[in-house]
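Just so it is clear, none of the values below were taken in a lab; they were calculated from the coordinates. Predicted, not measured: the structure shown is a model, and the values here were computed from it. All Cβ positions, glycine included, derive from the backbone under ideal geometry; neighbour counts span all protein chains shown.
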Amino acid sequence: MKLQEYNPILYLEEYEKIPDEIYRWKEDEELRPAPGWGGSAATLEGLNQTSVPERLCVGIGQYHTEQDREIYLCVLLNRDTRSVESCSFGVYRSPELVAKALDIFFRIYPIAAQGSNDNSRNTPFSADFQKGTMPQISKKISLLSSRNAIYQKKNYLEMISRYHVQPEMTVKGTRGGASVVSTYFSQLMRRKGSAIFYTWQDAIDWLSADIVKYNQKIRGVYI
């Protein structure tokens with residue numbers, strides 16, 4: 001199942017917790033997925049995903065636009081292959097960006113239940129999770145993050161606990177733990193070069209296309 005089959009945009013109305021003042025000046029209801037993204041997703045039934053990434057690393061990048069101010073890209077990177085397994089875009093930086101990316105990830109990899117039947121994990125984004133029908137895997141997936149403050153907040157840990165993942169954080173005083181993320185965003189900025197984003201939509205379109213090209217290069221196949 002392709003990443004592009006899901007809408008990666010996290011709209012303001014989907015956030016669980018957001019400052020009231022954000023609503024007063026940020027309008028994102030007209031944002032749309034980049035061309036080739038957000039199409040009708042294939043049914044989850046009958047899929048046989050045999051290779052599930054078990055070691056993910058999460059990171060959030062910030063990008064300025066001339067007209068609409070900042071927009072944020074959250075990526076879940078496979079720590080072994082460095083490919084982008086899931087992503088989300090939002091105009092407000094918060095833990096919900098990670099939750100949105102995880103929601104998409106577990107739709108791409110709907111593994112049949114082998115362990116826990118705990119249906120309490122649901123999200124504000126997925127009807128399948130809300131119904132308690134999304135299958136789970138027996139071993140929790142490792143989700144590594146840097147020591148950035150956003151990953152240490154209580155609401156981040158509460159949101160992550162709804163998913164079949166084990167949050168991990170780089171050890172204080174060590175280097176290189178989450179290097180896959182820092183390398184990805186550094187290379188992204190080099191690819192971006194002098195390109196200017198005028199609107200949020202410009203940023204979404206360019207960054208989405210870059211993810212597709214990046215994954216094609218990493219995997220050596222079209223996704």
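Please compute the net charge surrounding residue 90, taking Lys and Arg as +1 and Asp and Glu as -1 over other residues with Cβ under 12 Å from its Cβ.
After counting each charged neighbour, the total is -2.
Sort 17-24, 95-102 for me by packing, meaning the mean count of neighbouring Cβ atoms within 10 Å per residue, highest on top.
Averaged packing, sorted descending, gives the order 95-102, 17-24.
May I ask you to list the residues of region 55-99 whose amide nitrogen lies under 11 Å from a point 7 Å from Cα along the Cα→beta-carbon direction of residue 168?
The answer is 55-57, 79-80, whose backbone nitrogens lie closer than 11 Å to the label point.
List, in the order given, every pair from 2/140; 154/217; 2/139; 154/213; 26/192; 172/213 whose Cα-Cα distance in the structure shown is over 32 Å.
In this structure, 154/217; 154/213; 172/213 lie more than 32 Å apart at Cα.
With r as the distance between the Cβ atoms of residue 69 and residue 150 and R0 = 22 Å, compute the FRET efficiency 1/(1 + (r/R0)^6) and round to 0.05.
0.75
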